[in-house]
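Structure first, then comments.
The values are calculated or read from the model by the stated rules, or taken from the named source; none is laboratory data. The model shown is predicted, which means the values in this text are computed figures rather than measured ones. Quick reminder, even Gly has a Cβ in these numbers, built from the backbone with ideal geometry, and neighbours come from all protein chains shown. Protein only, heavy atoms only, side chains kept; ligands, DNA and RNA dropped before computing areas. Shrake-Rupley method; radii C 1.70, N 1.55, O 1.52, S 1.80 Å.
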Amino acid sequence: PSLALTIVELILFGGSVFVVIITRLSLTTTTDVVRIASLERDALIDPLTGVFNRRYLTMKLDEEVVRARREGHPLATLMLDIDHFKHVNDVYGHAIGDLVLRHVSSLLVQNARLSDTVIRYGGEEFLVIAPNSSEDDASALGNRLIEEISNSPVLLPEGETLFVTASCGTAALPTQGSAETMLKDADH
């Protein structure tokens, strides 16, 4: 009886050690998966504005071009540029410039359609990928976005307000052209 009891105790102890080892491995794996997912997300998100960054653009635009061509739907892009942004940085400083960028990106996200993708293209430029949109649709969206930006002042830390404006160019995916052509056309 004592030998059988010792064997059972050893088996139970071994099982407990196994459970502890598996639990630790699971925790390490889960932590690593969360960290990797966070790094992947951070690699595609602009840290200042919280919108997608230019690194995400190629992947998303290629996906939307393939979808538009496969389904026969239109695709358009909008290129928005904050007017006189250098002047904002020169007069108010870069901290206020950052505030303006966050403000404008927030307005773009709030006022674009759920199917649209807002991307910080560079500096003070933003790109909106608008699936299922003709150039006229994109132009109407661009006009709404410009109006929203100009009608929504930035609240400065001292309680002042700063009005900013933006310019917008639009382009539709050409039948035979590339996504790069569409981006160049929107930029012009």
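What residue among 38, 167, 16 shows peak mean-square fluctuation when the chain is described by a Gaussian network model with Cα springs under 10 Å?
16
Membrane-span-like helices in the chain: DSSP H runs reaching 30 Å or more (Cα, own axis), mean Kyte hydropathy at least 0.0?
Working: long enough: 2-44 (63 Å, 1.24).
Qualifying helices, which must be both long enough and hydrophobic enough, are 2-44.
Report, in debye and to the nearest 20, how large the dipole of segment 20-136 comes out about its Cα centre when Lys and Arg carry +1 and Asp and Glu carry -1 on their Cβ.
Details: 13 positive and 17 negative charges, 109 e Å.
It works out to roughly 520 debye.
Relative contact order for segment 25-121: what is it in percent, counting Cα pairs under 8 Å that are at least 6 residues apart? Walk me through the intermediate numbers first.
Working: 55 pairs, mean separation 35.0, N = 97.
Once divided by the residue count of segment 25-121, the mean separation gives 36 percent.
Evaluate the relative contact order of the chain (contact order divided by residue number), counting alpha-carbon pairs under 8 angstrom at least 6 apart; express in whole percent. Present the calculation step by step, with values, prior to reporting the outcome.
Details: 240 pairs, mean separation 44.8, N = 188.
It rounds to 24 percent for the chain.
Determine the shape class of segment 95-188: with a ≥ b ≥ c the square roots of the Cα gyration tensor eigenvalues, call it rounded for a/c under 1.5, and otherwise prolate if a/b is greater than b/c, oblate otherwise. List each step's numbers first, then the result.
Numbers: a/c = 2.59, a/b = 2.10, b/c = 1.23.
Prolate is the answer for segment 95-188, as a/c is 1.5 or above and a/b outweighs b/c.
By per-residue mean of other Cβ atoms within 10 Å, what is the highest-first order of 26-33, 99-106, 181-188, 113-120?
Numbers: 26-33: 10.0, 99-106: 19.6, 181-188: 16.5, 113-120: 18.0.
The packing order, highest mean first, is 99-106, 113-120, 181-188, 26-33.
Nearest-5 percent of antiparallel DSSP beta bridges in the chain? Could you put the intermediate results ahead of the total?
On the way: 22 of 23 bridges.
Of those bridges, close to 95 percent are antiparallel.
Tell me, what is the per residue accessible area of segment 13-68 in Å², probe radius 1.4 Å? Intermediate values should be presented prior to the final figure.
Numbers: 4020 Å² over 56 residues.
Using a 1.4 Å probe on heavy atoms only, each residue of segment 13-68 averages 72 Å².
Which percent of Cα pairs goes in each bin when the distances of the chain are cut into 10 angstrom slices starting at zero?
9, 28, 23, 14, 8, 6, 6, 4, 2
So, in nm, how far is label residue 35 from label residue 178 when the simple model puts each one 7 Å beyond its Cα toward the Cβ?
So the label points at residue 35 and residue 178 sit 3.9 nm apart.
Roughly to the nearest percent, how much of the accessible area of the chain is carbon and sulfur, given a 1.4 Å probe? Mind dumping the intermediate values first?
Numbers: 6750 of 11440 Å².
Of all accessible area on the chain, carbon and sulfur atoms account for 59 percent.
So, counting K/R as plus one and D/E as minus one, what does the shell of residues with Cβ under 10 Å around residue 164 add up to? Please report the intermediate quantities before stating the final value.
Numbers: positive: none; negative: 83, 124.
Once all neighbours under 10 Å are counted, the net charge is -2.
All other residues with a Cβ under 14 Å from the Cβ of residue 87 taken together, and with Lys, Arg as +1 and Asp, Glu as -1, what is their net charge? Intermediate results must be reported in sequence, preceding the final value.
Details: positive: 86; negative: 81, 83, 90, 124.
Result for the local shell: -3.
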